[in-house]
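Notes for the one structure printed next.
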Amino acid sequence: MALNSPTYLAFLPLILAVFLLVQVRARATVLLTASLLFYAALGALELLAALFVVTVASYTAGLLIARGQGARARRWALWLGITADLAVLIALRFQTPIAEAVNAVSVALGFPGGSPFPPTLMSVGVSFYAFQGISYLIDLYLEVAEPERHLGRFALYMSFFPKLLQGPIERASDLLPQLGTLGKPTYEDLRAGVLTFFWGLFKKVVIADRLSMFTGAVFSDVQRFQGVPLLIAVVLYSIEIYADFSGYTDMAIGSARVFGMRLTQNFNRPYSATSVLEFWRRWHISFSRWILDYIFKPVQMGLRSWKTAGTVVALMVTFLASGVWHGAAWTFVLWGGLHGVYMACSVLTRSTRARLLKAIGMADSRLVRWWRIALVFALVSVAWIFFRAENLGDAFYIVASVATQLPASIAPSIADWSHNLLLDQSWREAAVVLVSLMVLVAAGLARSRWNLHSPEVFIQASPPWVRWVTYHALGFALVIFPAPATRAFIYYQF
Amino acid sequence: MKPWSQRENEGRLGRFAVGVTLWLAILTALSWGYRGVCRAALQQPVFGVDDSADTLVVGDSHPQSSLDPAVLVGVENVSGSGESLFFTFYKLRFLLDRNPGIRRVILGFSAHNLSKKYQDSLLFDESVYPEDFESYYTLLDASGKRLLRSWRRGFLVASLKYDFGVPIQFYRYRPATKILLGQEVRRADFDWVGGFYGSARSKLDDEQIRRKIKLYFLDERGRFTGVSDLVVQSLRLILALCRDRGIQAWVYTGPEHMRFRSRVPGEALSAFEAVRAATALEFPGTWWLDFSENSLMDGAFGDGDHANTVGARIISAQVRDRLAGSGYGPQRTTEKR
Amino acid sequence: MQTLDTLSDVFRKVFGDPELTVGPETTADDVEGWDSMSHVTLILAIESRFRIRFTQKELMSFRRVGDLVKSIEAKAS
């Protein structure tokens, strides 16, 4: 079931009630059973099989690494485990290219075409827990984490339902200890968890789904638009994917919190970043830490004799891998490659830029800071074009049109504003978008102004009337202003 | 972790209960208000047709695109694209109640109106026209709602909104928003009203025809899934309504191009004939106009199963002549042109 | 001790801070500028000064200066 479905809204309190009523020893079992039921509810046998394989492979390889005598044995265990996890990931996520390749080869060899299995298997969640398994194994190998000997607890570590479908990717040292000491959640846990959950639901159901009406109108048929409307759609999509994915993450974190568990932060005001480097420390944090620790650092260190060139190569490899992880399409590869280029340029020109700013005395200027934030937003948005476009042709069309037709399209856009400015959507929905975006901005400003970096702090720092108004307003917003059609989470497809 | 204390918990539970009750109270008040506004919207005196009109055209996109009120005399076309016959009954009854001067009803009825697959998608799935479902819901009575009842989101939202007044996306119901803003409500604000819609273009595309046939008649395995009982029932209700009010009913089958017609599954056509025969027996006073087989040229069709403005003018002229030359007697005529 | 002093000297040269001293518990967060690029420069400088080469596994498991010291001394013996 999806986190934003009515079924889940019934499922979560039910599981919580059972959790609170059973003995301490049975709590992990309750959560594991709930997680497996949660995954089974998707109705896909291949998913349960994938989870089973990844869990058993990682658990076994983990024990072999921990008990291994000699560096060679441990290395073998590590690579076997990683291969198993990657194999499952690739098999399910790259079904179509694999099936096509198998087909092409068999036809070339003279056999009749037709792939052995139909490429319509689901793969939701696999990318996330396969990566989590790999991180567990590597951390064991590097001896920065303890192996989990209890299979049930390990299975729960892999399948814990709040994070099962779209992460965050949890490090062994973060989540495993918590699973060993499942106590009763405190009142603060419940309050913070519920508030986080509903705030995430608000971002998803009121903001992201509504924005997708606008962006979907453009991205599904880009040739109907030139210039200004494309720019609007791109900006709106940058906001949409943030609201969608951080909304999901908040729902996941909130769900875990009501059981007294803390999942890792996945977003930290990403569009306030002043460099692409910083952006990746604030966006999909669990994933970018994964590629940083397990791809970038080893490659960079391995190529350290190449000095700066080595770092550039490491960046490109890392971000191309990131693109491929997101999907078997050239648009994702280009998206990753773009970020690699951004990072490389940033690293290469960093000292020059710093010296330049110092020379003109603007090193700490607020103007420079805002300029950088705007620039990063623009760069990241250009990359999102490739992420969202249905194919490369559409993506290039958008880039070309915005680059060349923008000034010429201003007049016709104002003339035919319902097509070009409202993107063929109702002005009422646009009005709701505007207000909800103001709420988002206000929340962000409140966070930085009053240091309300988490719902807990908000709850503790605010007077009761502020809290009550917030709870009530959230409740009404969710009832009155959900977007007209529900959509799956964007990161559900990864 | 602080241990839970009994007294603290009682205090918290109490405050929580107060908070939730307060929220529910506010929601109930808002709902009560919105429900009143929605009721008031349907009471608006804007549903009268033109004084000179004594004939209503109802149905889906087929009569909508092919019966031009500019050519026909004394006719008001209120057909809506994608309208299931199930909804047409309630819409017709609503309009007849407010227009006692109507003497004739022309009802669009073709093979696809009977097809279970298509009608079910309009009534139980809203996958084709999701927004229309809510709009037609306002016209249903209790028995109608009972027939459509299910747990799916579309039905729940419509029921919460219009039965209980919960202001879910309240701004999307234009008549209510206009009343709230003190603006004048017009007939066109109601999405279910419909009207003649003529398209000037003409494109006969076999791929598009194939997709239409699949949409109307075939399941994933390419089989015809049978007739919708709800629609047959609705057809009888409509004809009974006309008969009871002394209104002459014409059942009109719109023009279809040969390339479309030849692809309609044989079972669908024979089912259609069977229903027509049965209905003609039960309602002998009904007149039948069948333009499904016709000699219209390619340029008269907007697509495989819809006439464009050119075709509409031709067909409407023929219908006009038939209406002018007819009495109100119980003759049963099947016209094939 | 000697290794730590030499290390501090390398740090000072790499980060251009003559006041800088590091202890066994110093981590990347404590030393300003110790991020991806300067980490590489630092490791290269250390390897060159002590005439050693770290393995991939060691490099990935260094968390504090104390880990560096242990590894250097293990290689010296």
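The values are calculated or read from the model by the stated rules, or taken from the named source; none is laboratory data. Keep in mind it's a predicted model, so treat the numbers as computed, not measured. Positions of Cβ are backbone-derived with ideal geometry, glycine not excepted, and every protein chain shown enters the neighbour counts. These accessible areas exclude ligands, DNA and RNA; they are computed on the full protein's heavy atoms, side chains included. Shrake-Rupley method; radii C 1.70, N 1.55, O 1.52, S 1.80 Å.
Just a few scattered comments:
- Its relative contact order, with pairs defined as Cα atoms under 8 Å and 6+ residues apart, puts region C:2-76 at 39 percent.
- Cα gyration tensor category, rounded, prolate or oblate, for region C:2-76 with a/c compared to 1.5: rounded
- 5 angstrom amide H check on A:Arg269, placed H, neighbours 5+ away: none
- Based on DSSP H segments of at least four residues, each scored -39500 (n - 2.57), the protein assembly as shown has a per-residue ellipticity at 222 nm of -20000 deg cm²/dmol.
- When the charge dipole of chain B is built from unit charges on Cβ atoms (+1 for Lys and Arg, -1 for Asp and Glu) and taken about the Cα centre, the candidate among B:Pro255, B:Trp192, B:Val75 whose Cα reaches farthest toward its positive end is B:Trp192.
- Accessible-area value, A:Ile253, 1.4 Å probe, nucleic acids and ligands omitted, Å²: 40
- For A:Glu146, A:Glu278, B:Glu131, the ranking by accessible surface with the largest value first comes to A:Glu146, B:Glu131, A:Glu278, using a 1.4 Å probe.
- Overall dimensions of the protein assembly as shown by Cα: Rg and Dmax, Å: 33.6, 118
- Amide hydrogen neighbours beyond the local backbone of B:Tyr252, cut-off 5 Å, H modeled: B:Leu107, B:Gly108, B:Phe109, B:Leu289
- Looking at region B:212-273, the GluC sites (Glu not before Pro) that sit in a DSSP loop and have at most 10 other Cβ atoms within 10 Å of their own Cβ are B:Glu220.
- Here the Karplus relation 6.51 cos²θ - 1.76 cosθ + 1.60, evaluated at θ = phi - 60°, turns the backbone of region A:196-207 into coupling constants of 4, 4, 6, 5, x, 4, 4, 4, 6, 7, 8, 8 Hz, with x for every Gly and Pro.
- Whole-percent carbon and sulfur share, accessible surface of region C:2-76, 1.4 Å: 48
- For the protein assembly as shown, DSSP calls about 20 percent of its internal beta bridges antiparallel.
- Net charge of the neighbourhood of B:Arg261, taken over other residues with C-beta under 9 Å away and scored Lys/Arg +1, Asp/Glu -1, is -1.
- Dipole magnitude of the protein assembly as shown about its Cα centre (Cβ charges: Lys, Arg +1; Asp, Glu -1), debye to nearest 20: 1560
- Column: log10 I(q)/I(0), Debye, Cα scatterers of region B:1-105, q = 0.15 Å⁻¹: -0.76
- Listed values for region C:50-64 are Karplus-derived 3J(HN,Hα) couplings in whole Hz (6.51 cos²θ - 1.76 cosθ + 1.60, θ = phi - 60°), namely 8, 6, 10, 9, 7, 7, 4, 4, 4, 4, 6, 9, 5, 10, 9, and x replaces Gly and Pro.
- Globularity index of region B:186-337, i.e. its alpha-carbon radius of gyration over 2.2 N^0.38 Å: 1.14
- Chymotrypsin sites (Phe, Trp or Tyr not before Pro) restricted to region A:126-214 and DSSP loop, no more than 14 other C-beta within 10 Å: none
- Debye-sum result for chain A in log10 I(q)/I(0), which assumes one identical scatterer on each alpha carbon, at q = 0.08, 0.11 Å⁻¹: -0.55, -1.06
- Estimated distance in nm for a label pair at B:Val18 and A:Leu348, the labels positioned 7 Å out from Cα along Cα-to-Cβ: 6.5
- Only the Cβ atoms of Lys and Arg (+1) and of Asp and Glu (-1) were treated as charged; on that basis the dipole of region B:12-326 about its Cα centre amounts to roughly 1020 debye.
- Ordering B:Val20, B:Phe94, B:Ala142 by the projection of their Cα atoms onto the charge dipole of region B:12-326, which places +1 on the Cβ of Lys and Arg and -1 on the Cβ of Asp and Glu, puts B:Val20 at the extreme positive end.
- Interchain or long-range residues, amide H under 5 Å from B:Val57's placed H: B:Glu76, B:Asn77, B:Val78, B:Ile106
- Cα gyration tensor shape of region B:12-326, rounded if a/c is under 1.5, else prolate or oblate by comparing a/b with b/c: prolate
- Computed magnitude of the charge dipole of chain A (debye, nearest 20; Cβ of K, R +1, Cβ of D, E -1): 1500
- Placing unit charges on each Cβ (+1 for Lys and Arg, -1 for Asp and Glu) gives region A:234-377 a dipole about its Cα centre, and among A:Ser322, A:Ile373, A:Leu303 the Cα reaching farthest toward its positive end belongs to A:Leu303.
- Cα-Cα over 26 Å, subset of A:Lys297/C:Lys70; B:Lys116/B:Lys161; A:Lys204/B:Lys212; A:Lys358/C:Lys13: B:Lys116/B:Lys161; A:Lys204/B:Lys212
- Computed from Cα positions, the angle between helix B:206-217 and the longest principal axis of chain B comes to roughly 60 degrees.
- Chain A, relative contact order [Cα under 8 Å, separation at least 6], %: 17
- Per-residue SASA entry for B:Arg263, accessible area with 1.4 Å probe, Å² rounded to 10: 100
- Taking all protein chains together and rolling a 1.4 Å probe, C:Thr41 ends up with roughly 70 Å² accessible.
- Accessible-area order (highest first, 1.4 angstrom probe) of the listed residues A:Val206, A:Val56: A:Val56, A:Val206
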